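Structure first, then comments.
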Amino acid sequence: MHADDNYLQNALGRRVYGAAMASSRLWIALPFAALVAANGCSKGSGGGSATGGAGSTGSGGNTGTAGQTGVAGQGASGSNGAAGQAGAGAGGTGTAGQTAGGGSTGQAGAGGAAVVPPTGPCAPPADIYSPIDKLSQTGCMDPVTLTKFVSRAVPYEVNSPLWSDGANKSRAFVLPASGKIHVKDCQANPSECPQGAADDGKWVFPVGTVMIKNFMFDGKFVETRLFMHQSDDAMMGWVGYGYEWNEAQTEATIAPDSRDTKMFNTGMRTVTWNYPSRMDCLTCHDYRGGSTIGPETAQLNRMVGTANQLDTFAAMNLFETPPAKPYKAALLLPYSGQLGTADMTAATLDARARSYMHANCSFCHRPQGQFPNFDLRFDTPLAMAGICNVATKKTAPTITATKIMVPADHADSAMWQRAHSMTGDNGRMPAIGSYVVDDMGVQVIADWIDSITTCP
Ligand code: HEC
Ligand code: HEC
């Protein structure tokens, strides 16, 4: 590994981790514990009243509720500070939406919540160093059919996905009770877009939000990632965890804090899967790129079933203020695949390539990002991107290119060389977390470079 790269990784690591160690443990732990305690109290007492409701229903089915009632009671007593217990209490109240999750309403909810084994509330852990061990206990997935999102989770699709070594993915988010999504409006509020108008339409999720992403091969789950908005700390408010699925698909267990590699038998083949470290999560999900990466109007402006999912989410009242219509233009699918058939006409090559780089590169290559020398966001015009005939600043093994991008010459462009053939974590782009080259994505970058005749 090149010394320079090493330094950068380490420096980064120390920045994220050193800071997390120094401040989060004390800083986050204290106020958050207080928050949980407060929540536990109010939710717990709510649970108590829900018990009354269940009792008064008096249906046989609710008898089993009594056992659960005990759990809610624990929440009420406040003697059990565990987030999971508080969650059970919340379920009892029917406030957290877990009740609605059961698909039933009102009184049925009191009983309905009780039928489900007690799980966490699908909320960030009080102590970021003590995440819930089993996915089934988090409350983020359906405890009966663990490969399904819990029903209060809101599934969504993106137009241009991150390449994840060939895995299929599914995504959802769980908002905290009464939490709303803020959509950045760079025209009306330039101050919320310090990196320029290209961040227009970026979504901001409230504290308490849990983002969920599943990774599958041949329909078998290999990993579920939870990315959680744990505190309002602008730099370290989010924390991420991976869960490693068993081949029987009955449970997923928290991945270690450090990187992990497993051979996973899908029943059809064995795939090698690399679980990122928790620091890796934050290296990509850097606060300077917005922490969450996918959700923004241009990424989610997409028909899902018979409706545009932005319309669906607006109707569900998920936004502080819904994105204005007409919606910001949709990003394009860079190439045909699991998400659909790409429009391969020359007219859209530029949009496909930019959509690809936006999703796969721009969370680091942006004005205040990890490598801010160039800007690969979709809305940044080529003339402003800082790549065309611009000299490289870094070296890496087997990289011979001396310009980031040379018009009409992909083979001599560092962008293409970096994305094309390097070993993961050793000069290959994206800089971390990818070990299989995205041949189709690399081809889109090559075609795009070759289509540019001169620098603007
Ligand atoms: C190589 C960079 C990279 C690493 C490492 C990474 N992610 Fe992501 N992640 C992304 C990108 C890019 C997206 C958005 C595109 C998509 O959804 O396909 C994303 C999306 C997500 C989402 C959906 C919400 C969102 O922000 O778009 C979750 C949840 C998530 N990642 C969790 C994690 C967790 C937890 C870890 C660590 C265990 C992790 N990620 C590591 C790049 C990364
Ligand atoms: C996780 C953050 C991250 C992502 C994602 C990422 N890069 Fe990088 N990139 C870096 C860092 C950090 C460097 C500087 C260190 C190095 O040279 O490896 C870099 C360096 C580069 C360089 C060399 C720059 C120079 O001046 O020599 C090129 C070209 C490049 N990246 C292209 C890309 C492309 C194309 C993508 C998307 C396919 C991408 N990067 C995705 C972080 C990232």
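Applying the condition of being at pLDDT 95 or above and outside any helix (DSSP H, G or I) to segment 343-363 and asking which residue is nearest to R428 (Cα to Cα) yields C361. Of all residues in segment 283-316, those satisfying the criterion of being of a type outside the set (D, E), more than 9 Å from ligand 1 (Cβ to nearest atom) and in contact (Cβ under 8 Å) with a residue 40 or more places away in the chain are Y287, R288, T297, A298, L300, N301, R302, V304, Q309, F313, M316.
The residues listed here are T297, T292, T266; of these, the one that is of a type in the set (S, T, Y), within 16 Å of ligand 2 (Cβ to nearest atom) and assigned by TED's automatic domain parsing to the domain that holds K213 is T292. Annotation: S151 fulfils all but one of (1) outside any loop (DSSP other than H, G, I, E, B); (2) touching a residue at least 24 places away in the same chain (Cβ under 8 Å); (3) surrounded by fewer than 17 Cβ atoms within 10 Å (Cβ to Cβ); the unmet one is (1). For segment 355-371, a residue qualifies if it is farther than 16 Å from G441 by Cβ and within 6 Å of ligand 2 (Cβ to nearest atom), and the qualifying residues are Q370, F371. Applying the selection to segment 422-454, what residues are more than 15 Å from ligand 1 (Cβ to nearest atom) and acidic (D, E)? Residues satisfying the conditions are D439, D447, D450.
Do we have D280 as acidic (D, E), closer than 22 Å to V239 by Cβ and either away from ligand 1 (no atom under 16 Å from the Cβ) or part of a helix (DSSP H, G or I) (or both) here? Considered against the rule, which asks whether it is acidic (D, E), closer than 22 Å to V239 by Cβ and either away from ligand 1 (no atom under 16 Å from the Cβ) or part of a helix (DSSP H, G or I) (or both), D280 comes out as yes. Residues considered: G433, G340. Of these, the only one that is at positive phi and near ligand 2 (Cβ under 8 Å from one of its atoms) is G433. Annotation note: of D142, D165, D218, D200, the sole residue that is surrounded by 17 or more Cβ atoms within 10 Å (Cβ to Cβ), among the charged types (D, E, K, R), on the phi > 0 side of the Ramachandran plot and in contact with a strand residue (DSSP E or B) (Cβ under 9 Å, 6 or more places away or on another chain) is D165. T380 meets all of the listed conditions (1) of a type in the set (S, T, Y); (2) under 27 Å from F215 (Cβ atoms); (3) in the same structural domain as R418 (by TED's automatic domain parsing); (4) in a loop (DSSP other than H, G, I, E, B) but one, namely (2).
Testing A414 on (1) more than 9 Å from ligand 2 (Cβ to nearest atom); (2) over 28 Å from the mean Cα position of the chain (by Cα); (3) buried (at least 18 other Cβ atoms within 10 Å of the Cβ); (4) more than 19 Å from A351 (Cα to Cα), one condition comes back false. Which one is that? Of everything listed in (1) more than 9 Å from ligand 2 (Cβ to nearest atom); (2) over 28 Å from the mean Cα position of the chain (by Cα); (3) buried (at least 18 other Cβ atoms within 10 Å of the Cβ); (4) more than 19 Å from A351 (Cα to Cα), A414 misses just condition (1).
Please pick out the residue among L339, L332 that is outside the structural domain of T423 (by TED's automatic domain parsing) and buried (at least 21 other Cβ atoms within 10 Å of the Cβ). Checking each option against the conditions leaves just L332.
The sole residue among K184, K180 that is away from ligand 1 (no atom under 16 Å from the Cβ), farther than 19 Å from V222 by Cα and either more than 14 Å from the chain's Cα centre (by Cα) or surrounded by fewer than 20 Cβ atoms within 10 Å (Cβ to Cβ) (or both) is K180.
Of the set (1) over 18 Å from the mean Cα position of the chain (by Cα); (2) surrounded by 15 or more Cβ atoms within 10 Å (Cβ to Cβ); (3) within 20 Å of T297 (Cβ to Cβ), all apply to H365 but (3). Within segment 161-187, residues that are in the same structural domain as T266 (by TED's automatic domain parsing) and over 25 Å from M316 (Cα atoms) have Cβ atoms under 7 Å from residues that are of a type in the set (F, W, Y) and within 16 Å of ligand 2 (Cβ to nearest atom) in these pairs: D165/Y435, counting only partners at least 6 apart in sequence or on another chain.
The condition of being within 15 Å of ligand 1 (Cβ to nearest atom), of a type in the set (A, V, I, L, M) and crowded, with 18+ Cβ neighbours inside 10 Å holds for only one of A419, A396, A401, that being A419.
For segment 176-224, a residue qualifies if it is part of a loop (DSSP other than H, G, I, E, B) and hydroxyl-bearing (S, T, Y), and the qualifying residues are S178, T209.
The values are calculated or read from the model by the stated rules, or taken from the named source; none is laboratory data. Every value quoted in this text rests on a predicted model; they were computed, and no experiment measured them. Heads up, the Cβs are rebuilt from the backbone with ideal geometry, glycines too, and the neighbour counts pull from every protein chain shown.
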